[in-house]
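Working notes for the structure below.
Just so it is clear, none of the values below were taken in a lab; they were calculated from the coordinates. Owing to the predicted nature of the structure, the values given are computational and were not obtained by experimental measurement. Cβ coordinates were reconstructed from backbone atoms using ideal geometry, including for glycine residues, and neighbour counts include every protein chain displayed.
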Amino acid sequence: MSARLVLIAGAVGAVLLVLAGLYWKGRRDGAASEHPKIEAATAQAAVAHLETAGAQEVARRTTAAVARGEAASAATSKLAHDALISETGHAPLDPDRVARLRADDDKLCRTAPELAGCAADRDASGG
């Protein structure tokens, strides 16, 4: 092998080493510049997860509130119907009817304890 071929091979090898070094430096710098973007995307994903969990909780609570409202409406409708068809509006109520009305009131208060009169009734009765 001639000296000229050795010099050319050495120069090509040196150029390849420099190019490989530049390539790896660029990859490392590129990865470092992407790191804040990755952290921001991770934080956004965490926020989105929390927002989704919050929305699911709101939906669950809304469904429960609607169910309580429907149960209260059904109990109130039954009581209103009974009151409208009562022929003896001024006469004392039959003890059985009083017991049924009290049971309906208790059911209504268990279904929707935030209604007016439920807490006062419990406080007055000691329960």
Legend entry - With Cα atoms, 0 to 90° folded angle of helix 3-84 axis to the chain main axis: 0
Inset, instruction - Round to the nearest 0.05 the FRET efficiency obtained for ALA99 and LEU50 when R0 = 41 Å and r is the Cβ-Cβ distance. - result: 0.25
Inset, instruction - Extending each Cα 7 Å along its Cβ direction at THR63 and ALA9, get the distance between those two points in nm, one decimal. - result: 7.6
Inset, instruction - Return the lysines within reach of LYS107: Cα separation strictly under 17 angstrom, same-chain partners fewer than 8 residues apart disregarded; answer none if there are no such residues. - result: LYS78
Inset, instruction - Select from VAL15, ALA31, SER2 the residue farthest towards the positive end of the dipole of segment 1-41; place +1 on Cβ of Lys and Arg, -1 on Cβ of Asp and Glu, and compute about the Cα centre. - result: SER2
Inset, instruction - Note the listed values (1) 0.94; (2) 1.74; (3) 0.91, then indicate which one is Rg/Rh (Cα atoms, Kirkwood Rh) calculated from this particular structure. - result: (2)
